[in-house]
Amino acid sequence: MRPPRVHLVTDRRLAPDLPAAARRVLAGLPPGVAAVHLRERDLGGAELLRLARALLAACREAGQLLLVNDRADVALAAGADGLHLPAAGLPPAEARRLLGPGRLLGVSCHRLAEVRRALAGGADFATFGPLHDTPSKRAYGPPVGLAALAEAAGAGLPLVGLGGVEPGNAAAVRAAGAAGVGCIRAWLSGPDPAAAVRALLGPA
């Protein structure tokens, strides 16, 4: 499966009704161009599974994908389209063994060496960042910047630029070598989230 061009990471503190938010921004998009990443680390397995199934229904209605972050068990139980691993999560090769060949596997990466490991482990793509300053990533250190993205893109694994990405800088992220872009705030708390997602898609 080819990684989508836009990756929408959840944060229910910004939008408590995530399935409704997904329906609003995904409506009318070409099929297969977007993925919603379910990342709600404080939820237990049962509650996360219920939310995954509700989000999956919203994604299916729009012809888009749902990825579950970190929890391979929830991804498989919900019938999600794939799994996204944190940098310190399951080794990609082990996750691929669990998922099989038919689901997307992504890995969070912050430097070139991590991208190379993700590629060797059978990942389909990696998120790379944070590229710019953003509240959700300040605890993980300073932004890595577009030059680091351009270097990492040379490893041959499709990269999704993440961290402070918005419609105004998405083109520069793609120009630096990203195959896609990801965001949290732009689709959950901006003045016009649906317009922001369409702008983030960029040219086909």
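The values are calculated or read from the model by the stated rules, or taken from the named source; none is laboratory data. Note that the structure is a prediction, hence the values are computed from the model and not measured. Please note: Cβ atoms are built from the backbone with ideal geometry, for glycine as well, and neighbour counts cover all protein chains shown.
The set of residues in region 162-194 being closer than 16 Å to Arg5 by Cβ and either in contact with a Pro (Cβ under 8 Å, 6 or more places away or on another chain) or touching a residue at least 40 places away in the same chain (Cβ under 8 Å) (or both) consists of Leu162, Val173, Ala178, Ala179, Gly180, Val181, Gly182, Cys183, Ala186, Trp187, Ala194.
Among the residues of this structure, Arg96 counts as one that is among the charged types (D, E, K, R), under 24 Å from Phe128 (Cβ atoms), outside any loop (DSSP other than H, G, I, E, B) and in contact (Cβ under 8 Å) with a residue 12 or more places away in the chain. Among Ala87, Ala75, Ala153, Ala118, which is the only one that is in contact with a strand residue (DSSP E or B) (Cβ under 6 Å, 6 or more places away or on another chain) and over 22 Å from Leu38 (Cα atoms)? Unique residue meeting the criteria: Ala153. The number of residues in region 22-60 that are more than 22 Å from Gly161 (Cα to Cα), part of a helix (DSSP H, G or I) and touching a residue at least 60 places away in the same chain (Cβ under 8 Å) comes to 1. Being among the basic types (Lys, Arg), modelled with pLDDT of 95 or more and farther than 28 Å from Leu26 by Cα is a property that Arg116 has. Scanning region 20-41 for residues that are among the charged types (D, E, K, R) and modelled with pLDDT of 95 or more gives Arg23, Arg24, Arg39, Glu40. The set of residues in region 77-89 that are at pLDDT below 95, under 16 Å from Phe125 (Cβ atoms) and among the aliphatic types (A, V, I, L, M) contains only Ala87. Residues considered: Thr134, Thr127. Of these, the only one that is touching a Pro at 6+ places or on another chain (Cβ under 9 Å), of a type outside the set (A, V, I, L, M) and surrounded by 17 or more Cβ atoms within 10 Å (Cβ to Cβ) is Thr134.
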